[in-house]
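The values are calculated or read from the model by the stated rules, or taken from the named source; none is laboratory data. Keep in mind it's a predicted model, so treat the numbers as computed, not measured. All Cβ positions, even for glycine, are placed from backbone atoms using ideal geometry, and neighbour counts span all protein chains on display. Quick note on the areas: whole protein, heavy atoms, side chains included, nothing else; ligands and nucleic acids left out. Shrake-Rupley method; radii C 1.70, N 1.55, O 1.52, S 1.80 Å.
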Amino acid sequence: MAGNHLIAIGSYFEWDREAMASGYTLHEVPNADAVLDLPADVRAEVRAIAFKGHTPFGERHMESLPALGLIANYGVGFDAIDVAAASERNIQVSNTPDVLNDDVADLAVALLLAQSRKLIEGSTWVRSGDWPKKGELPLNRKASGRRAGIVGLGRIGREIADRLAAFKMEIHYHSRSPKDTPRSWTFHADPVSLARDVDYLFVALVGGKETAGYVSRQVIEALGPDGILINISRGSTIDEAALLEALENGGIRGAGLDVFNNEPNIDPRFLELDNVVLQPHQGSGTIETRKAMGQLQRDNLAAFFAGEKLLTPVN
Ligand code: 8YV
């Protein structure tokens, strides 16, 4: 549609690209900085961005797009976008909450089970021919019935906790304030106290400056040598140097990680460790959920271009 100029930042599935191309004059770029290389006459026309990925989008990008009114993020986490700078310029920002809660929570539980029941080693044991040669896999530690702590009991944290309750776990959590939960769940005002009282610590915080390094060296130490840390939020929420040291020196038993600093070029020290299960930031990575995320992103775009209220506004 002439006039409705849209930039799609990032790599999209064909079903998303086709849907955007049929509704808008679409300009596709691989990352935020590539916006700056678009011709000035194109940039002058662009009213909205379909944002995907994790490369920072800030003031200088916004300044280069004088007609920009919406940044529609593909994802619940919008820490790559400078929302304060957008608000100053009356640029709206939207995200895709809720549609991915189940998938991310499923992966959090899968990471715990994979770590504590050594699923990756078990698979290798069978494939390598070790089973007939060496017999039983060395024993694991029981997963059900232990104490689980959630840092950040938002939408995804709550889905994780509900799943863990079905594993007969005692549920503890830390949030800015107590939440409406089953009575048996324990609120901790301080993440160190939470970590001290649990066997498994799940990080479900939002990303961004306010939560950078929130799971600090002290929190990791409080979790202790029998503890397992699971992170499905952002790499930035954990003091990664402290985590690596704890994993290398037996400060904690293990970790299950879907997110890292500097993805996809993660710290190579992680690759040397056999007490950590590593995943390539695939928490929301199912066909069903990615389709729903794309649809919600486009629903926000459509609302904006129709001059209507956004479905899931951020600012
Ligand atoms: C990514 C995510 O958006 O929703 C989030 O916050 O981290 C993911 O769903 C997805 O990987 C696309 O970049």
Condition first: at positive phi and modelled with pLDDT of 95 or more. Now tell me which residues in segment 1-47 satisfy that.
Gly10
Could you say which residue among Gly250, Gly285 is among the small types (Gly, Ala, Ser), within 13 Å of the ligand (Cβ to nearest atom) and open to solvent by 30 Å² or more (accessible area, probe 1.4 Å)?
Gly285
Which ones in segment 84-116 are within 14 Å of the ligand (Cβ to nearest atom) and of a type in the set (A, V, I, L, M)?
Val93, Val99, Leu100, Val104, Ala105, Leu107, Ala108
Anything in segment 288-315 that is in contact with a strand residue (DSSP E or B) (Cβ under 6 Å, 6 or more places away or on another chain), away from the ligand (no atom under 11 Å from the Cβ) and open to solvent by less than 60 Å² (accessible area, probe 1.4 Å)? List them, or say none.
Asn300, Leu301, Phe304, Leu310, Thr312, Val314
Those residues of segment 60-74 which are of a type outside the set (Val, Ile, Thr), more than 13 Å from the ligand (Cβ to nearest atom) and under 24 Å from the mean Cα position of the chain (by Cα), in sequence order
His61, Leu70
For segment 28-43, enumerate the residues that are buried (at least 19 other Cβ atoms within 10 Å of the Cβ) and either away from the ligand (no atom under 16 Å from the Cβ) or not in a helix (DSSP H, G or I) (or both).
Val35, Arg43
Could you please give the count of residues in segment 158-211 that are over 19 Å from Gly256 (Cα atoms), in contact with a Ser or Thr (Cβ under 6 Å, 6 or more places away or on another chain) and open to solvent by 20 Å² or more (accessible area, probe 1.4 Å)?
1
For Gly145, which of the numbered conditions (1) within 18 Å of Asn231 (Cβ to Cβ); (2) in contact with a strand residue (DSSP E or B) (Cβ under 9 Å, 6 or more places away or on another chain) fails to hold?
(1)
Please work out if Phe260 is aromatic (Phe, Trp, Tyr) and open to solvent by 20 Å² or more (accessible area, probe 1.4 Å).
no
Those residues that are open to solvent by 60 Å² or more (accessible area, probe 1.4 Å), under 16 Å from the mean Cα position of the chain (by Cα) and more than 25 Å from Thr55 (Cα to Cα), I need them from segment 75-118; list them, please.
Asp102, Asp106
